[in-house]
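Here's the structure we're looking at; comments come further down.
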Amino acid sequence: MNTLFNKIRELNLKNVFYAIPSVPCFEYWLLLHFELTTSPYSATGRKSVGDLALSELQHYFPEYTKGSNGVFLKLIGKLAEAKTHAQLSLKEAKENATDNPSTYIHELIEYLQNIKNL
């Protein structure tokens, strides 16, 4: 997947397409609201990498399921912590030449928070 995002970035298309990857899945971003984790995810047995991230998230947020309503409002008080964790995770992933785990969702959040200044 990392190669695909690198190819998109190389196209250097302005104001056309922005990829906001979260590896292994969106739930990794939600997990960062509770803890900083940079251990790579690997499928084990019958559990995919996404299943593993979901299970880890449910330790902190047991009522969460994919497609849950009201997640943003439940986690908004932890948003600053999640953004910090995401920045640290992404920095470490880049230093280790990997994307597992990493997320760019914090960049989207920053953009949305600053949209009134555009």
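The values are calculated or read from the model by the stated rules, or taken from the named source; none is laboratory data. For clarity, every value in this text was computed on a predicted model and none was experimentally measured. Note: ideal-geometry Cβ built from the backbone for every residue, glycine included; neighbour counts use all protein chains shown.
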For Leu75, the lone unmet condition from (1) more than 21 Å from Asp51 (Cβ to Cβ); (2) part of a helix (DSSP H, G or I) is (1)
Checklist line | Yes/no for Ala80 being part of a helix (DSSP H, G or I) and within 13 Å of Tyr28 (Cα to Cα) | finding: no
Taking the range 1-55 and keeping residues part of a loop (DSSP other than H, G, I, E, B), under 13 Å from Ser102 (Cα atoms), hydrophobic (A, V, I, L, M, F, W, C) and modelled with pLDDT of 95 or more leaves Cys25, Leu32, Leu36
Within the range 94-117, the residues that are assigned to a helix (DSSP H, G or I) and within 12 Å of the chain's Cα centre (by Cα) are Ile105, His106, Glu107, Leu108, Ile109
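Table: residues versus (1) of a type in the set (Lys, Arg); (2) out of contact with any Cys (no Cβ under 9 Å at 6 or more places or on another chain); (3) loosely packed, with under 14 Cβ neighbours inside 10 Å.
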site: Phe26; (1), (2), (3): no, yes, no
site: Thr44; (1), (2), (3): no, yes, yes
site: Leu54; (1), (2), (3): no, no, no
site: Phe61; (1), (2), (3): no, yes, no
site: Tyr64; (1), (2), (3): no, yes, no
(request) Please indicate, with yes or no, whether at least one residue in the range 81-102 is surrounded by 17 or more Cβ atoms within 10 Å (Cβ to Cβ), among the β-branched types (Val, Ile, Thr), at pLDDT 95 or above and out of contact with any helix residue (DSSP H, G or I) (no Cβ under 7 Å at 6 or more places or on another chain). (result) no
